[in-house]
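S.K.: My structure is below; once you've seen it, I'll send some questions.
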Amino acid sequence: MTETKPKKILVVDDESDVTELLAYNLRSKGFAVETLNNPNSSIGLARTFMPDLVILDIMMPDLNGIQICRMLRADAKLKQVPVIFLTAKAEEPDRIHGLEIGADDYICKPFSPKELLLRVQSILRRSPDRPAEGPKRIQVGQIVIDVERHETTVQGQPVDLTATEFKLLRLLMERRGRVQTREHLLINVWNYETEIETRTVDTHVRRLREKLGREADWIETIRGVGYRMAAERKVAEATA
């Protein structure tokens, strides 16, 4: 009988008391944790440690969390690793900006260690009831996703999606023609059991549409409800 390896988490924060608190709480739940107070070494450590999730402070000297997140998203080996921002920047524009540049979640300081653990577990959770025998390749228009390789192409060109964006696109494509409420997407994409800001969904959909380019109109907004991958593409403007 093989033992499952613990999930690995990298915590980057210039305050040692924060990294010590997080390390203690995360290790108590069975996670393998590496902490770092020098942001300049974060990418190097991430490449050797290969974490399953990164927790990033934003306001750090020399190299801030926004810059580190962008570097992670630009790295071929690290671009799919989920990122949680943990920061004192609590205003709504800050949260939206953090999600837009590629973070999967955003937690404001001061924070509850219990809530943070729940957020970490939610992001890392793999839903056991998700059917494993689904199609390995899904296509809508000129959007194609390869589930096994975790790759996306649009009009034949590769598109880099974060893990959350890929999961969101896959769900919409698998349920093509059916409306998905924001709450339903939060539960099935982000695994949240409790109410979280539905603005999170809107931010990720907007970013996903930008990456889909000319194929973005496949994703329809259903006012006051949520989103849907269209059953058929509207071609009224194509002949204009």
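S.K.: How far apart, in nanometres, would the label points at Leu117 and His150 be if each is projected 7 angstrom from Cα along the Cα-to-Cβ direction?
M.R.: A separation of 2.6 nm, rounded to one decimal place.
S.K.: Mind grabbing the accessible area of Asp13 for me, 1.4 Å probe, Å², rounded to tens?
M.R.: Roll a 1.4 Å probe over it and Asp13 shows about 0 Å².
S.K.: Kindly provide log₁₀ I(q)/I(0) values, in the same order as q = 0.08, 0.15, 0.17, 0.18 Å⁻¹, from the Debye equation applied to equal alpha-carbon scatterers of the chain.
M.R.: Rounded to two decimals, the profile gives -0.32, -1.08, -1.33, -1.46.
S.K.: What figure, in Å² to the nearest 10, do you get for the accessible area of Val81 with a 1.4 Å probe and non-protein molecules left out?
M.R.: For Val81, solvent-accessible area is about 10 Å².
S.K.: Looking at region 1-153 only, what percent of DSSP beta bridges run antiparallel? Nearest 5 please.
M.R.: Details: 7 of 23 bridges.
That works out to approximately 30 percent antiparallel.
S.K.: Still on this structure: What distance in nm separates the two pseudo spin-label positions at Ile101 and Asp160, each 7 Å out from Cα along the beta-carbon direction?
M.R.: Using points 7 Å along Cα→Cβ, the separation is 1.5 nm.
S.K.: Work out how much length Arg209 to Asn64 would gain on full extension: take 0.36 nm times their residue separation and subtract the Cα-Cα distance, in nm to one decimal. It would help to have the intermediate numbers written out before the result.
M.R.: On the way: separation 145, 0.36 × 145 = 52.20 nm, distance 2.69 nm.
Length difference between fully extended and current span is 49.5 nm.
S.K.: At a probe radius of 1.4 Å, what is the per-residue accessible area of Lys29, in Å² to the nearest 10?
M.R.: Spelled out: Lys29, probe radius 1.4 Å, area about 120 Å².
S.K.: Would you rank Glu91, Glu232, Glu34 by solvent-accessible area, highest first, keeping every protein chain in place and using a 1.4 Å probe?
M.R.: Numbers: Glu91 125, Glu232 145, Glu34 75 Å².
Ranked from most to least accessible, the order is Glu232, Glu91, Glu34.
S.K.: Could you please state, rounded to a whole Å, how far the C-alpha centre of region 31-51 is from the C-alpha centre of region 137-156?
M.R.: Computed from Cα coordinates, the inter-centre distance equals 31 Å.
S.K.: Given Cα pairs under 8 Å that are at least 6 residues apart, what percent is the relative contact order of the chain? If you can, show how the numbers build up before the last one.
M.R.: Details: 354 pairs, mean separation 31.2, N = 240.
Result for the chain is 13 percent.
S.K.: Here's something else I'd like to know. Given +1 on the Cβ of Lys and Arg, -1 on the Cβ of Asp and Glu, and no further charges, what dipole in debye does the chain carry about its Cα centre, rounded to the nearest 20? Display every interim value, and only then the final one.
M.R.: On the way: 37 positive and 37 negative charges, 177 e Å.
Once rounded to the nearest 20, the dipole reads 860 debye.
S.K.: Helices from the chain with mean Kyte-Doolittle at least -1.0 and a Cα length along the axis of 15 Å or more, per DSSP H: which?
M.R.: Details: long enough: 16-28 (18 Å, -0.09); 113-124 (16 Å, 0.51); 163-174 (16 Å, 0.47); 199-212 (20 Å, -1.25).
Helix filter hits for the chain: 16-28, 113-124, 163-174.
The values are calculated or read from the model by the stated rules, or taken from the named source; none is laboratory data. Computed from a predicted model, the values in this text were never measured in an experiment. We place every Cβ from the backbone using ideal geometry, glycine too, and count neighbours over all the protein chains shown. Protein only, heavy atoms only, side chains kept; ligands, DNA and RNA dropped before computing areas. Shrake-Rupley method; radii C 1.70, N 1.55, O 1.52, S 1.80 Å.
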